[in-house]
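Notes follow the structure.
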Amino acid sequence: MTLEAHQQRVVEEYNQLANKLNALRSFLRTVKERDLSELEVDLLQQQYGIMAAYAKVLSERIELFMKDEE
């Protein structure tokens, strides 16, 4: 299957975002309260949620690309 240039960019963006999400998830699992303030941890958790929602949107777009190719 060959993707158009804009579709390939979406796939690349999704892959990069997935890597960042994994890194942030790992960091949040290991962060100690003495290392960051409660507010900083809360903001990072909010960031994670927003990034996850964005990844879901990209994933759904990629699924549409695949359906269009069938």
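The values are calculated or read from the model by the stated rules, or taken from the named source; none is laboratory data. It should be emphasised that the depicted structure is a prediction, and the values quoted were computed from it without experimental measurement. Virtual Cβ from ideal backbone geometry, glycine too; neighbours counted across all protein chains shown.
Numerical summary
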| item | result |
| --- | --- |
| Top-ranked residue of region 39-70 - restricted to ones that are surrounded by 11 or more Cβ atoms within 10 Å (Cβ to Cβ) and of a type in the set (Gly, Ala, Ser), ranked as farthest from the chain's Cα centre (by Cα) | Ser59 |
| Test for Met66: is it modelled with pLDDT under 95, out of contact with any helix residue (DSSP H, G or I) (no Cβ under 7 Å at 6 or more places or on another chain) and hydrophobic (A, V, I, L, M, F, W, C) | yes |
| Count - residues of region 27-38 that are farther than 25 Å from Glu13 by Cβ and surrounded by 11 or more Cβ atoms within 10 Å (Cβ to Cβ) | 2 |
